[in-house]
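What follows is a single structure, written as structure tokens, with notes after it.
Nothing in this text is a laboratory measurement; each read-out follows from the coordinates by a stated rule. Please read these numbers as outputs of a predicted model, since none were measured by experiment. Cβ placement follows ideal geometry from the backbone for every residue including glycine, while neighbour counts extend to all protein chains displayed.
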Amino acid sequence: MKRTIAFDADDTLWHNESIFHKTTLTFKDLVSHYVSPKVLEGKLYEVERRNLALFGYGIKGFMLSMIETIIELSEGKVNAIEIQQIIDLGKYMLTHPIHVLAGVEETILALKDDYKLIVITKGDLLDQESKIARSGLADYFEQIEIVSEKDEKTYAEILKRSKIDINNFLMIGNSLKSDILPICNLGGKAVHIPYHLTWELDKVEKPHHFNEQHYVTLESVTLLPQFLQENTF
Ligand SMILES: [Mg+2]
């Protein structure tokens, strides 16, 4: 039976955090007459963290958090035109072209005959579906899971429902918090491929209780096929 490799999507298959980063810079600029960029950034993270349980992950929640942040920091002075500009920033993000990360497609092609390839991504259902469709990668994957949180419970449920033995499973992703730790905690294996930007709310301490038997870090996804050939990981 083929081993299953599950890929995270945002910042693993395509660029994502860079779009949030760029938008945050524009947002800071847009409202700089109310508040300094530094204060704005701190507050935005605080509001996003507060709203996460209500809005979930994704652009629409981010848009609302930007609006809420500037309403609070401007003490209600932000005007309707400025709020429309923030909404337009969010709409721009939702239609932003998908830039697949360098080497992803070649890597998938190198793995697809020997492994069952699936995607496990979290976020807003409509937006994640649209990104997968626009990426041109959808046909390579036998299964696509869009979930609202990537924790042990979610992974265990997907594995059970898909009849995948965790010993026959490998998770690939850029987020220690969402892609690596939950899998290691379930006794599975994972490959961490960091992206050059990490969302503030996604940052976690590097786990010391897991070693290279649990997960390895590769600099690029293109190193994956050779790594799997040369190691019994
Ligand atoms: Mg990711």
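Would you mind computing, in nm to one decimal, how far apart the modelled labels at T198 and F233 are, each placed 7 Å from Cα along Cα→Cβ?
In this crude spin-label approximation the distance works out to 1.8 nm.
Starting from the Cα of K91, step 7 Å toward the Cβ, then list every residue of the stretch 31-71 with an amide N under 19 Å from that point.
31, 59-68
With everything on Cα atoms, drop me the angle between helix 59-73 and the longest principal axis of the chain, reported from 0 to 90° to the nearest 10.
That works out to roughly 30 degrees.
How far apart, in nm, are two points set 7 Å out from the Cα along the Cα-to-Cβ line at S32 and at D114?
5.1 nm
Per residue Cα convex hull volume for the stretch 100-157, in cubic angstrom? Mind dumping the intermediate values first?
Numbers: hull volume 5.5 nm³, N = 58.
Enclosed volume per residue, from the Cα hull, is 95 Å³.
With θ set to phi - 60°, apply the Karplus curve 6.51 cos²θ - 1.76 cosθ + 1.60 along the stretch 10-15 and write out the HN-Hα couplings as whole Hz, x wherever there is a Gly or Pro.
4, 6, 10, 9, 9, 5
Roughly how far apart, in whole Å, are the Cα centres of the stretch 161-233 and the stretch 122-139?
Between the Cα centre of the stretch 161-233 and that of the stretch 122-139, the gap is 22 Å.
Test of understanding: extend the Cα→C-beta vector of E142 to 7 Å, then name every residue of the stretch 189-212 with backbone N under 18 Å from that spot.
From the stretch 189-212, the list is 189.
Using alpha-carbon positions, what is the distance between the centroids of the stretch 1-60 and the stretch 78-98, in Å?
About 14 Å separates the Cα centre of the stretch 1-60 from the one of the stretch 78-98.
Using DSSP, restrict attention to beta bridges with both residues in the chain and report what percent are antiparallel, rounded to the nearest 5. Provide the component values of the computation, followed by the final result.
On the way: 1 of 23 bridges.
Within the chain, antiparallel bridges account for around 5 percent of the total.
Residues with beta-carbon under 11 Å from that of I19, excluding I19: net charge, scoring Lys, Arg +1 and Asp, Glu -1?
So the surrounding residues net to -1.
To the nearest 10 degrees, how steeply does helix 17-30 sit against the main Cα axis of the chain, on a 0 to 90 scale?
It works out to around 10 degrees.
In square nanometres, what is one fourth of the surface area of the convex hull spanned by the alpha carbons of the stretch 116-188?
Working: hull surface 18.9 nm².
With the hull built on Cα positions only, its mean projection is 4.7 nm².
Got a sec? Charge dipole of the chain, +1 on Cβ for Lys and Arg, -1 for Asp and Glu; which of A110, A156, H214 is way out at the positive end?
A156
At R0 = 35 Å, how high is the FRET efficiency between E75 and S220 if r is their beta carbon distance? Nearest 0.05 is fine. Provide the component values of the computation, followed by the final result.
On the way: r = 47 Å, r/R0 = 1.33.
About 0.15, to the nearest 0.05.
To one decimal place, what Kirkwood hydrodynamic radius in Å is obtained for the chain from all pairs of distinct Cα atoms? Show your work: numbers first, answer last.
Values: mean 1/r = 0.0530 Å⁻¹.
Final number for the Kirkwood radius of the chain is 18.9 Å.
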